[in-house]
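This report refers to the structure that appears directly beneath it.
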Amino acid sequence: MTSPSSNARRVFLQKLLAGSAAAGLFMVYRHPVVAALTGDDGDKAPDHDFAFVVDINRCIGCGQCVRACNVENNVPEGQFRTWIERYVVTPSGVHIDSPQGGMNGFDEVDESLAEEALNTFFVPKLCNHCAEAPCIQVCPVGATYRSPEGFVLVDSEHCIGCSYCVQACPYGVRFINHEKRIADKCTWCYHRVSKGKLPACVTVCPTQARLFGDLNDPNSAVAKVRQADNWDVLKPEAHTESMCLYLGLQRVVV
Amino acid sequence: MNISPRSHIYRLIVLLVIVVVGFVAVRGLAIPSSWDSENFYRLDSLEELKLQPMHLGGNESCGGASCHDQERVAKHKTQLATVGRGSHKGLACENCHGPLSAHVSDDKKVASAVIDRENKLCLNCHAQLVSRPKDFPQFDTEANGHWYFDVEITKPCLDCHSPHNPRQMAAKKDKSKKQPKATSEQTSTNGEVQL
């Protein structure tokens, strides 16, 4: 039965198919895979790939880094972009403290605790600038991102302060700045590094427990640490591809 | 009444056009101009973040035109090189003298740098803590030098230690205080007593 109406329907379906195929082609046209196949890669690999090293064996817990960070970045009182934790491992459990983020250093632990201690050390913490950052994935407005050189940053103009990212970060490095009411975090002092300086905390560390540099430069201290391959990252099970390499990291550290 | 039989279609089309135009307009307003739709962020924010002013300068900013590396001021002011020779060579001047921005801004000295002569300054790094690395020098009343001179933790560290080169005796000598006597081999070439 070939009535004109059924012919029209066939023509319509054919056109629909052709149309969606064309639309589909148009959508993949700028896709990276297509770009790679056609040799049209718009952007080249970034010049820098920054990383941070924290050497727990060297940290003396003086708090210079925390003070420097708070001054450099006008971090509100009581909030911290970087801080120091003191671990005291005893047979009865692990005691962790961080009075005011360790910014004024530490007083000696209680004598009873000191006697019991099997092992004790300081652990500086800061944003890990993860290559697979959970905080970026959850941001509903695209206000946080990883720059091509590896800095995980917050766009303060765009952030709506919903604090999803604060909850998503496995390392607890993000907070809502209670003066600006937006998400805040360590930037690895992006403003300094972009002018050829080191991050503030690295500048003031008296024992070189903090190192910062470019992994693309084989002579940099961080590249050598990564090469030596005796580093660990915090929470490797979170698969965040953390870019803060810790030396002397013990398994009790969380 | 001659209403077109297709008027409902036209009305729908008009509605559709309004919706599409509205959507495009709202989207255009909502998306920032420098939006990178591939990586999902505002490219301008990188430039904005670079504008943040610096407060710390690092030791490289202590040198400069008429500052702590000039012969002219060498007699009066501690030089980068002085600190660079002693066991405090790894320290930043800003560790003890406060951030650069409080001392110099726009290449002009705005105020004297902080000078803190309290023991607290030294003890911030040198107080004895079990959690510190064992090989880090920590204040110890039993250490040879301290035991010999009955040093209490309240005794001014600067009486004996020069802050810029702590293994060297402090420059100002108070004869009434017991000081370790220099033997010939302990005296360095510049006549200062080495610990």
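Quick notes on this one:
- Matching residues in the range B:48-74 - criterion: being within 14 Å of chain A (Cβ to nearest Cβ) and either aliphatic (A, V, I, L, M) or open to solvent by 60 Å² or more (accessible area, probe 1.4 Å) (or both): B:GLU48, B:LEU49, B:LYS50, B:LEU51, B:PRO53, B:MET54, B:LEU56, B:GLU60
- Leading residue by the ranking (surrounded by the most Cβ atoms within 10 Å (Cβ to Cβ)) among those in the range A:184-201 that are more than 9 Å from every other protein chain (Cβ to nearest Cβ) and of a type in the set (D, E, K, R): A:ASP184
- Here A:GLU149 qualifies as of a type in the set (Asp, Glu), within 14 Å of chain B (Cβ to nearest Cβ) and not in a helix (DSSP H, G or I).
- Of the residues making up the range A:95-130, those that are at the interface with another protein chain (Cβ under 9 Å from one of its Cβ atoms) and of a type in the set (Gly, Ala, Ser) are A:GLY105, A:ALA114, A:ALA117.
- Residue match in the range A:62-74 (condition: part of a loop (DSSP other than H, G, I, E, B) and modelled with pLDDT under 95): no
- A:ARG181 open to solvent by 50 Å² or more (accessible area, probe 1.4 Å), over 17 Å from the mean Cα position of the chain (by Cα), of a type outside the set (Gly, Ala, Ser) and within 30 Å of A:GLY93 (Cβ to Cβ): no
- Residues in the range B:48-72 that are of a type in the set (A, V, I, L, M, F, W, C) and either under 15 Å from A:TRP188 (Cα atoms) or in contact with a helix residue (DSSP H, G or I) (Cβ under 9 Å, 6 or more places away or on another chain) (or both): B:LEU49, B:LEU51, B:MET54, B:LEU56, B:CYS62, B:CYS67.
- Within the range A:156-178, the set of residues being open to solvent by less than 20 Å² (accessible area, probe 1.4 Å) and more than 13 Å from the chain's Cα centre (by Cα) comprises A:ASN177 only.
- Some residue of the range A:88-97 being closer than 24 Å to A:VAL71 by Cα, open to solvent by less than 30 Å² (accessible area, probe 1.4 Å) and at pLDDT 95 or above: no
- Residue satisfying all of: in the range B:30-47; more than 7 Å from chain A (Cβ to nearest Cβ) and either part of a helix (DSSP H, G or I) or farther than 16 Å from A:VAL141 by Cα (or both); modelled with the lowest pLDDT among these: B:ALA30
- Residue check for A:ALA23: more than 41 Å from the chain's Cα centre (by Cα) and either at pLDDT 70 or above or assigned to a loop (DSSP other than H, G, I, E, B) (or both): no
- Cβ-Cβ under 7 Å pairs, at least 6 apart or on other chains, the range A:197-220 side under 17 Å from B:PHE136 (Cα atoms), far side among the aliphatic types (A, V, I, L, M) and assigned to a strand (DSSP E or B): A:ALA209/A:VAL54; A:ARG210/A:VAL54
- Listed conditions (1) within 10 Å of chain B (Cβ to nearest Cβ); (2) surrounded by fewer than 17 Cβ atoms within 10 Å (Cβ to Cβ) are all met by A:GLN64, apart from (2).
- Any hit, the range A:158-171, residues being within 13 Å of chain B (Cβ to nearest Cβ) and of a type in the set (Ser, Thr, Tyr): no
- The C-beta contact set for the range B:75-104 (first residue within 14 Å of another protein chain (Cβ to nearest Cβ) and open to solvent by 50 Å² or more (accessible area, probe 1.4 Å), second residue outside any helix (DSSP H, G or I) and basic (Lys, Arg), distance under 6 angstrom, 6+ apart or interchain) comprises B:SER87/B:ARG167.
The values are calculated or read from the model by the stated rules, or taken from the named source; none is laboratory data. Values in this document were obtained by computation on a predicted structure and should not be read as measured data. As a convention, Cβ positions derive from the backbone with ideal geometry for all residues, glycine included, and neighbour counts pool all protein chains shown. Accessible surface areas use protein heavy atoms only, side chains included; no ligands, DNA or RNA. Shrake-Rupley method; radii C 1.70, N 1.55, O 1.52, S 1.80 Å.
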